[in-house]
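What follows is a set of notes on a single structure, which appears directly below.
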């Protein structure tokens, strides 16, 4: 009944936060009476009373600042000049730009919009098929929630009470693995379709290659600054997010000359809007989780799964399928905050590492961003290229979805890809 009511409220267009809050309110009043209203506000504010949550608006400001500048175009142009001789060079440039850009923004839609506006028209102009051009950007944009910093991992860390610093480190090697799989597919398809023979010949001199490198220095300095603050023992994730926000704002003001009050206001307005949305979802998710726990739904589901006595890999497969289905309808924030309290005890009892599972869950959330009917990245790309049918975008993105599934399989066989680096760096 809880699932059906939540689904109906979401289907009629109610915002996610209000749908979760309304469902919690309906079932708590039905079960405990109207007296329950007295302590609902305290429950919501207690869930938001966490210093770690301060990192979310800071990382959102980073993304808004970088997305509003020419940083993305500089990054894309520099990569395309250095890789132009490789088959599928523009696709590889776009995927690489998505990976680096997402490391700064932590936002998949922002990465899709920033890189896609430049990359897709350029790829199509040079003879690349529309499905490969749009699919690579839609999939490349999802790297934003795996490569640190990641708002998704922050939410999982809060919901699972695991170290956000360890989660960030755990996402580095899988993020590089997934980027490599995307590039490998782009290389193979470009070679198979002989795209490099259709691309207009264009040579860049060494001078032309080097002249863009100074424009990349500010981006690299911001990335190094945040990583050093976070992993050098100088700052917590929340404090490192503040460092990143200051560096990104300083970069767009000084380097990209966005010092007008109007420009700064647009950055802060967008950041406040997205942060408010995320924090409201978090608050209502806390209330939703409290309702699930007070009605013993969480405990019953966890016990029911545990009583199935199936092989732990079958159990993991079932959980992955559940996450994939939920990802078709809900955004990552809602899925993580709703399911983590239920799934985590089952995962840990089965002997899986919660840090490793956080990476697997994040890749599942990436799949949801490019899976219909509500894959956010699909609609961002469709908005950038309205002349390309959604079916064509889906055709292009499907092989990249298989790459994500392959990455999950590889992580299952070699979990050290996610656990070795955090253990080495943090003990």
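Tell me which residues, restricted to the stretch 386-416, are closer than 22 Å to residue 147 by Cβ, outside any helix (DSSP H, G or I) and free of Cβ contacts under 8 Å to residues at least 12 places away in the same chain. Matches in the stretch 386-416: 414 only. For the stretch 162-181, filtering for residues that are modelled with pLDDT of 85 or more and over 16 Å from the mean Cα position of the chain (by Cα) leaves 5. The single condition from (1) out of contact with any helix residue (DSSP H, G or I) (no Cβ under 7 Å at 6 or more places or on another chain); (2) at pLDDT below 80 that residue 101 fails is (1). For residue 13, the criteria (1) within 29 Å of residue 384 (Cα to Cα); (2) modelled with pLDDT of 80 or more hold in every case but one, which is (2). Taken together, the residues in the stretch 332-352 that are surrounded by fewer than 19 Cβ atoms within 10 Å (Cβ to Cβ) and part of a loop (DSSP other than H, G, I, E, B) amount to 2. Within the stretch 225-246, the presence of a residue that is farther than 24 Å from residue 156 by Cα, crowded, with 19+ Cβ neighbours inside 10 Å and modelled with pLDDT of 80 or more is excluded.
The residues listed here are 382, 377, 320; of these, the one that is under 21 Å from residue 149 (Cα atoms) and assigned to a helix (DSSP H, G or I) is 377. In this structure, is residue 60 surrounded by 15 or more Cβ atoms within 10 Å (Cβ to Cβ), in contact with a helix residue (DSSP H, G or I) (Cβ under 9 Å, 6 or more places away or on another chain) and more than 30 Å from residue 236 (Cβ to Cβ)? For residue 60, the condition - surrounded by 15 or more Cβ atoms within 10 Å (Cβ to Cβ), in contact with a helix residue (DSSP H, G or I) (Cβ under 9 Å, 6 or more places away or on another chain) and more than 30 Å from residue 236 (Cβ to Cβ) - is not met.
Here 69, 80 are screened, and the one residue that is part of a helix (DSSP H, G or I) and either at pLDDT below 80 or over 26 Å from residue 335 (Cα atoms) (or both) is 80. As a summary of the residue check, residue 255 satisfies the conditions (1) at pLDDT below 85; (2) surrounded by fewer than 20 Cβ atoms within 10 Å (Cβ to Cβ); (3) under 24 Å from residue 136 (Cα atoms) except for the one numbered (3). So which residues in the stretch 417-427 are exposed (fewer than 14 other Cβ atoms within 10 Å of the Cβ), free of Cβ contacts under 8 Å to residues at least 24 places away in the same chain and part of a helix (DSSP H, G or I), if there are any at all? Correct list: 424 only. Of the residues screened, residue 412 is not one that is touching a helix residue (DSSP H, G or I) at 6+ places or on another chain (Cβ under 9 Å) and farther than 22 Å from residue 166 by Cα. In the stretch 284-310, the qualifying residues are those that are part of a loop (DSSP other than H, G, I, E, B), in contact with a helix residue (DSSP H, G or I) (Cβ under 9 Å, 6 or more places away or on another chain) and over 14 Å from residue 342 (Cα atoms), and the one that is modelled with the lowest pLDDT is 308. Of the residues 132, 90, 155, which single one is closer than 25 Å to residue 206 by Cα and either assigned to a helix (DSSP H, G or I) or modelled with pLDDT of 75 or more (or both)? Unique residue meeting the criteria: 90. In the stretch 1-18, the qualifying residues are those that are surrounded by fewer than 11 Cβ atoms within 10 Å (Cβ to Cβ) and within 20 Å of residue 297 (Cα to Cα), and the one that is nearest to the chain's Cα centre (by Cα) is 3.
Counting only residues that are surrounded by fewer than 14 Cβ atoms within 10 Å (Cβ to Cβ) and farther than 19 Å from residue 277 by Cα, the stretch 19-46 holds 10 of them.
The values are calculated or read from the model by the stated rules, or taken from the named source; none is laboratory data. These figures come from a predicted structure and were not determined experimentally. For neighbour counting, all protein chains shown are included, and Cβ atoms are generated from backbone atoms with ideal geometry for every residue, glycine included.
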